[in-house]
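The values are calculated or read from the model by the stated rules, or taken from the named source; none is laboratory data. Computed from a predicted structure; not experimentally measured. For neighbour counting, all protein chains shown are included, and Cβ atoms are generated from backbone atoms with ideal geometry for every residue, glycine included.
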Amino acid sequence: MLYKLEDRPPLVETILLGLQHMLAMFVGIITPPLIVAGAIGLDTETTSFIVSMALIASGIATWLQIKTLGPIGSGLLGVHGTSFTFLPPAISAGLAGGLPLIFGMALITSPVEMVLSKFVEQARRIFPPVVTGPVVMMIGLSLIGSGMNDFLGGVGSADFASPRNIILALFVLSIIIYFNRFGRGLARIGAVAVGIIVGYLVS
């Protein structure tokens, strides 16, 4: 561990880490709305609006989580955003009742997580690591398809799975792994940001 909870990294390091978090979370926040919008056939204007609202909601929720407001928030850097976990039910709801049903279900079910968050210690007895571990692993495995689509250039792109896209993706992945494995200090903790920036420059 390089820094404890109350430590303050140098300014340059803080900026790089902030940029890395932003770049890493950005794709994860905008992709689920794009997938849902495409699956239920929304027009471009509505899709853009939903993506914008996802980013705004994520920013507000993340700020509350970090800064804390009374009993709300942990005081830790925990990015909040859309989740791939809810894609199947969201798409099913969208096909059955459009956006009103998706948003209505979210409003009705979100308090369930708020209530359960007050009983984390009790929940650990019911859900030990042998239960939660495979669940987290299955979520990761379910995201392989989305990750591979982005790896190959993005669904719908004219050059999907072209050699150029594959080589570029492998190049960025190699840089991230290299800096994470052999880098020191700032280069190591900023491996993702370095890989993304270099990938953009090469592109």
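None of THR46, THR14, THR85 is part of a helix (DSSP H, G or I), of a type in the set (Val, Ile, Thr), under 19 Å from ALA106 (Cβ atoms) and over 17 Å from the mean Cα position of the chain (by Cα) except THR46.
When you check VAL51 against the structure, is it in contact (Cβ under 8 Å) with a residue 60 or more places away in the chain, within 28 Å of GLY156 (Cα to Cα) and either assigned to a helix (DSSP H, G or I) or touching a helix residue (DSSP H, G or I) at 6+ places or on another chain (Cβ under 9 Å) (or both), yes or no? Against the criterion (in contact (Cβ under 8 Å) with a residue 60 or more places away in the chain, within 28 Å of GLY156 (Cα to Cα) and either assigned to a helix (DSSP H, G or I) or touching a helix residue (DSSP H, G or I) at 6+ places or on another chain (Cβ under 9 Å) (or both)), VAL51 does not qualify.
Scanning for something surrounded by 15 or more Cβ atoms within 10 Å (Cβ to Cβ), of a type in the set (A, V, I, L, M, F, W, C) and within 19 Å of the chain's Cα centre (by Cα), does the stretch 161-168 turn up at least one residue? No; the residues of the stretch 161-168 include none that is surrounded by 15 or more Cβ atoms within 10 Å (Cβ to Cβ), of a type in the set (A, V, I, L, M, F, W, C) and within 19 Å of the chain's Cα centre (by Cα). Within the stretch 94-109, being surrounded by 12 or more Cβ atoms within 10 Å (Cβ to Cβ) and more than 24 Å from GLY140 (Cβ to Cβ) holds for GLY94, LEU95, GLY97, GLY98, LEU99, LEU101, ILE102, PHE103, GLY104, MET105.
When each of GLY18, GLY28, GLY38, GLY70 is tested for being surrounded by fewer than 15 Cβ atoms within 10 Å (Cβ to Cβ), closer than 30 Å to ARG184 by Cβ and of a type in the set (Gly, Ala, Ser), the lone residue that passes is GLY18.
Quick check, is PHE182 of a type outside the set (D, E, K, R) and under 26 Å from PRO10 (Cβ atoms)?
Numbers: of a type outside the set (D, E, K, R): yes; under 26 Å from PRO10 (Cβ atoms): yes.
Yes; evaluated as a whole, the condition is true for this residue.
Run down VAL79, VAL135, VAL112, VAL131 and say which single residue is β-branched (Val, Ile, Thr), exposed (fewer than 13 other Cβ atoms within 10 Å of the Cβ) and under 18 Å from the mean Cα position of the chain (by Cα).
Going through VAL79, VAL135, VAL112, VAL131 in turn, just one is β-branched (Val, Ile, Thr), exposed (fewer than 13 other Cβ atoms within 10 Å of the Cβ) and under 18 Å from the mean Cα position of the chain (by Cα): VAL135.
The single condition among (1) within 16 Å of the chain's Cα centre (by Cα); (2) over 25 Å from VAL198 (Cα atoms); (3) assigned to a helix (DSSP H, G or I) that LEU23 does not satisfy is (2). Every residue in the stretch 1-33 that is within 24 Å of GLY98 (Cα to Cα) and modelled with pLDDT of 85 or more, please. Matches in the stretch 1-33: ILE29, ILE30, PRO32, PRO33.
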